[in-house]
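Okay, structure first, notes after.
The values are calculated or read from the model by the stated rules, or taken from the named source; none is laboratory data. Not measured: the values here are computed from a predicted model. Every residue, glycine as well, gets a Cβ built from its backbone with ideal geometry; the counts of neighbours run over all protein chains shown.
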Amino acid sequence: MARITITGLHKYYGNHHAVRGIDLDIPEGEFAVLVGPSGCGKSTLLRSIAGLESVNDGAIEIDGELVNDMRPRDRNLAMVFQNYALYPHMNVYENIAFGLRARKTPAGEIDKKVTDAAALLNLDLLLDRLPRQLSGGQRQRVAIGRAIVRDARLFLFDEPLSNLDAQLRDEMRGEIKRLHQEIRKTFLYVTHDQIEAMTMADRIVLMRDGIIEQQGPPLELFEKPTNKFVAGFLGSPSMNFIPSALVTEDGKVSVKFEDGTTLLLPEDRQSKYASQAERQIIFGIRPEHISRADGSDERVGVEKYQSVIDLVLPTGSRTYGTFHIGRTPVVAELQAHDVKGAGTALALLVDMNRAILIDPDTEIVI
Amino acid sequence: MTIEIRAQQIRKRQNRRNAMKMAGRYCLAIGITLVFIFPVYWLFSISFKTPDEIFHHPPVWFPESIQFDNYGVLFKDGDAITVWNSLVIATVSTVFAMFLGTIAAYSLARFKTGGQHLGIWIISQRMLPPIVIVFPIFLLYVWLGWVDTYHGLIILYTAFNLPYVIWMMRGYMEDIPIELEESALVDGCSRWEVLWKVVLPLARSGIFATAVFTFVFAWNDFIFALILSRTEVTTFPVQVTHYFGGQSNFWAKIAAMSVLGTIPIFIAVAIMQRFLVRGISMGAVKG
Ligand SMILES: Nc1ncnc2c1ncn2[C@@H]1O[C@H](COP(=O)(O)OP(=O)(O)OP(=O)(O)O)[C@@H](O)[C@H]1O
Ligand SMILES: [Mg+2]
């Protein structure tokens with residue numbers, strides 16, 4: 001069990017500033033997910049916490065104890081590597097037992113823990129195999145098993161599912177989350193898959209270029225992003241960003257698109273943006289908040305937009321249609337039977353309650 | 001029915017053709033092997049021949065009886081001790097060179113000790129022609145009183161083989177995925193334990209290959225042994241040269257001594273074949 005506190009962390013690789021001032025406080029027992037595009041410094045941050053990378057500035061504390069200069073073995077944490085890192089000369093049993101042996105655990109206890117972990121991860125029948133005789137998913141589970149038998153106070157996962165196929169990944173996601181619920185230790189989990197982040201995290205820490213863009217519970221980041229990057233990163237398909245302007249008509253604030261259409265902002269947001277009128281903005285709206293107008297429901301704050309669908313993308317459970325506002329392609333989530341094909345004219349409803357307005361210069365949500 | 005019979009005929013013809021192809025290949029292989037193995041056979045056969053048989057004309061292809069007199073003489077006169085000397089010196093210097101070289105190689109491979117160029121600089125030492133350093137070393141050894149001693153030759157071969165060991169082992173170690181070591185560190189190992197439990201087992205085939213070459217170099221060396229030994233620790237190659245006389249050559253002794261000196265090399269090659277299996281680190285990371 002451990003609380004981890006990071007303050008003002010900087011890491012350079014030569015001239016490359018990989019981590020640029022990270023502040024992070026993860027309470028005991030939390031499942032925190034580090035997410036961000038490739039190369040944003042997720043692994044570097046994780047490796048710094050594990051003690052595999054020395055940091056140039058800042059403090060890493062575990063349970064209030066400064067660990068910057070502590071050897072990895074003394075930090076007492078467990079890590080699952082991006083590429084498994086199984087010991088090829090040892091069988092599955094020995095791989096899982098390795099950390100216990102290194103810490104001089106009594107033999108009886110080792111045996112119990114290894115067999116328990118093997119049962120949990122469905123590895124019972126594979127204990128005598130060498131890593132090269134396992135499939136990718138099995139190796140993955142051995143790597144996880146090796147971490148969980150350890151009585152570590154903090155668990156680090158570096159994209160543990162990145163090499164699995166979609167189905168196995170779904171399964172393992174569930175396993176890992178269940179595991180966390182069972183052992184209730186602090187987990188720090190790296191991924192660049194935003195769905196994985198959304199489904200697993202108590203808290204998402206979204207990074208870009210070595211800094212944290214935003215952190216908080218998944219839904220908070222999803223619904224109240226503080227900037228354009230966060231808004232665009234979470235959600236699939238990602239949020240539509242439509243260049244537009246704030247205008248005042250008859251004393252009411254509206255959003256005016258390039259094609260001249262205006263959509264009225266809802267009542268409760270009027271006062272907030274009254275002073276901002278006549279400025280350029282980026283209008284952000286998720287595909288699921290644009291739907292087909294069926295005439296019956298005219299909810300508050302939902303505005304109508306007349307579109308011509310030019311591309312239909314069925315995914316099975318959902319169908320996405322794209323249309324253009326000015327030169328900007330926009331994706332809307334439709335029902336399968338809403339559209340016949342490209343060229344369908346469709347009245348759409350835009351849920352203005354869920355839209356976000358972004359400053360085009362700073363890219364911060366206003 | 002007819003189809004089946006035809007198929008049988010085709011199969012039969014095919015089999016006959018394959019058999020002839022195989023026979024041809026075997027003939028060729030046997031022929032080539034004979035050519036290469038003949039000198040070795042000749043060496044062995046001379047060592048078992050009587051003086052009459054050795055100088056007989058036409059040559060005696062197969063000795064009448066296997067007799068060990070030639071070997072007996074070597075052991076009685078104490079000449080055979082030189083094989084023992086070689087064995088001790090080559091083995092001990094190999095162990096030293098492997099031990100020191102492996103540790104140094106690990107440092108070079110993982111901590112980039114000495115920067116980028118230290119590795120090249122080290123291996124370049126090995127490329128020096130021995131003859132250009134043997135006389136300075138001789139003078140040094142005279143001054144130290146190390147000429148004609150075990151430790152003199154052992155230290156020399158250790159030093160001379162170290163660059164080779166470092167170079168080879170560095171290569172093998174760089175091939176080991178670093179995540180394995182990092183994982184072991186996080187799992188609770190110290191650096192030494194990482195080296196012992198992860199790196200060395202994975203570099204095993206490399207260690208054996210390197211050790212065999214190191215041993216063979218020390219075993220076969222002539223120039224250093226000739227100049228740095230006198231009478232106490234003569235090695236076997238130097239001893240053999242004593243049998244080439246101005247008047248006559250002692251062929252029986254040369255042959256018997258050569259056989260004794262070749263046996264360890266046979267063993268070394270056998271070891272190497274046994275352990276030179278690559279690809280042990282397969283499956284360590286990713287697919
Ligand atoms: N050993 C290194 N030497 C130099 N630069 C490095 C080193 N390791 C990482 N970097 C650089 O630091 C930055 C952050 O790398 P890091 O591995 O932390 O990214 P990441 O977020 O884990 O990416 P991914 O999702 O692809 O794993 C990258 O730009 C990378 O090129
Ligand atoms: Mg990474």
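Of the residues A:Arg208, A:Arg184, A:Arg173, the single one that is more than 16 Å from ligand 2 (Cβ to nearest atom) and surrounded by fewer than 19 Cβ atoms within 10 Å (Cβ to Cβ) is A:Arg184.
The residues of the range A:23-58 that are in contact with a Lys or Arg (Cβ under 9 Å, 6 or more places away or on another chain), under 24 Å from A:Pro218 (Cβ atoms) and assigned to a strand (DSSP E or B), listed by number, are A:Asp25, A:Ile26, A:Phe31, A:Ala32, A:Val33, A:Leu34, A:Val35.
Whenever a residue of the range A:20-33 is small (Gly, Ala, Ser), its partners that are exposed (fewer than 14 other Cβ atoms within 10 Å of the Cβ), lying with C-beta atoms within less than 7 angstrom and at least six residues away or across chains, give the pairs A:Gly21/A:Gly8; A:Gly29/A:Met1; A:Gly29/A:Arg184.
Inside the range B:255-267, residues that are buried (at least 18 other Cβ atoms within 10 Å of the Cβ) and under 10 Å from the mean Cα position of the chain (by Cα) make up a count of 1. For the range A:1-20, the candidate set comprises residues that are over 29 Å from A:Arg184 (Cα atoms) and not hydroxyl-bearing (Ser, Thr, Tyr); within that set, the residue that is nearest to ligand 2 (Cβ to nearest atom) is A:Ala18. Filtering A:Arg141, A:Arg71, A:Arg75 for residues that are of a type in the set (D, E, K, R) and either under 22 Å from B:Val199 (Cα atoms) or within 16 Å of ligand 1 (Cβ to nearest atom) (or both) leaves a single hit, A:Arg71.
Among the residues of the range B:213-233, not a single one is surrounded by 22 or more Cβ atoms within 10 Å (Cβ to Cβ) and under 30 Å from A:Thr105 (Cα atoms).
Results for (1) away from ligand 1 (no atom under 16 Å from the Cβ); (2) touching a strand residue (DSSP E or B) at 6+ places or on another chain (Cβ under 8 Å); (3) at pLDDT 90 or above, shown as yes or no for each residue.
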site: A:Gly36; (1), (2), (3): no, yes, yes
site: A:Gly41; (1), (2), (3): no, yes, yes
site: A:Ala50; (1), (2), (3): no, yes, yes
site: A:Gly64; (1), (2), (3): yes, yes, no
site: A:Tyr84; (1), (2), (3): no, no, no
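Considered as a group, the residues in the range B:166-194 that are away from chain A (no Cβ under 13 Å) and touching a helix residue (DSSP H, G or I) at 6+ places or on another chain (Cβ under 6 Å) include one that is surrounded by the most Cβ atoms within 10 Å (Cβ to Cβ), and that residue is B:Ile166. The set of residues in the range A:277-300 that are assigned to a strand (DSSP E or B) and surrounded by fewer than 16 Cβ atoms within 10 Å (Cβ to Cβ) contains only A:Gln280. Scanning the range A:57-74 for residues that are away from chain B (no Cβ under 14 Å), without any contact (Cβ under 8 Å) to a residue 24 or more places away in the chain and acidic (Asp, Glu) returns A:Glu65, A:Asp69. Looking across A:Arg279, A:Arg286, one residue alone is touching a strand residue (DSSP E or B) at 6+ places or on another chain (Cβ under 6 Å) and of a type in the set (D, E, K, R). It is A:Arg279.
If the condition is being outside any strand (DSSP E or B) and within 12 Å of ligand 1 (Cβ to nearest atom), then the range A:1-22 contributes A:Gly14, A:Asn15. Does A:Pro88 satisfy being farther than 20 Å from B:Val186 by Cα and either within 16 Å of ligand 2 (Cβ to nearest atom) or part of a loop (DSSP other than H, G, I, E, B) (or both)? When the stated conditions are applied, A:Pro88 does not pass them.
The residues of the range A:241-276 that are in a strand (DSSP E or B) and under 13 Å from A:Asn353 (Cα atoms), listed by number, are A:Ser254, A:Val255, A:Leu263, A:Leu264.
Taken over the range A:162-200, the criterion of being away from chain B (no Cβ under 13 Å), within 16 Å of ligand 1 (Cβ to nearest atom) and assigned to a loop (DSSP other than H, G, I, E, B) is satisfied by A:His192, A:Asp193.
Yes/no matrix, rows are residues, columns are (1) crowded, with 18+ Cβ neighbours inside 10 Å; (2) within 14 Å of chain B (Cβ to nearest Cβ):
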residue: A:Met79; (1), (2): yes, yes
residue: A:Asn95; (1), (2): yes, yes
residue: A:Arg103; (1), (2): no, yes
residue: A:Glu109; (1), (2): no, no
residue: A:Val114; (1), (2): yes, yes
residue: A:Gly145; (1), (2): yes, yes
residue: A:Ile148; (1), (2): yes, yes
residue: A:Asp151; (1), (2): no, yes
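Only residues that are more than 10 Å from A:Arg208 (Cα to Cα), surrounded by 15 or more Cβ atoms within 10 Å (Cβ to Cβ) and more than 10 Å from ligand 2 (Cβ to nearest atom) were counted across the range A:22-50, and they come to 11.
For the range A:118-143, the set of residues classified as within 13 Å of chain B (Cβ to nearest Cβ) and of a type in the set (Gly, Ala, Ser) consists of A:Ser135, A:Gly136, A:Gly137, A:Ala143, listed by residue number.
Residue count for the range A:30-68 satisfying the condition of being under 25 Å from A:Glu175 (Cβ atoms) and touching a Phe, Trp or Tyr at 6+ places or on another chain (Cβ under 9 Å): 8. Restricting the search to the range A:83-93, which residues are in contact with a Phe, Trp or Tyr (Cβ under 9 Å, 6 or more places away or on another chain) and surrounded by 20 or more Cβ atoms within 10 Å (Cβ to Cβ)? Of everything in the range A:83-93, just one residue is in contact with a Phe, Trp or Tyr (Cβ under 9 Å, 6 or more places away or on another chain) and surrounded by 20 or more Cβ atoms within 10 Å (Cβ to Cβ), namely A:Tyr87. All conditions in (1) farther than 25 Å from A:Arg103 by Cβ; (2) surrounded by 19 or more Cβ atoms within 10 Å (Cβ to Cβ); (3) within 16 Å of ligand 1 (Cβ to nearest atom) hold for A:Phe229, with the sole exception of (2).
Does any residue of the range A:353-364 turn out to be touching a Pro at 6+ places or on another chain (Cβ under 6 Å), more than 18 Å from A:Asp294 (Cβ to Cβ) and assigned to a loop (DSSP other than H, G, I, E, B)? The answer is yes, given that some residue of the range A:353-364 is touching a Pro at 6+ places or on another chain (Cβ under 6 Å), more than 18 Å from A:Asp294 (Cβ to Cβ) and assigned to a loop (DSSP other than H, G, I, E, B).
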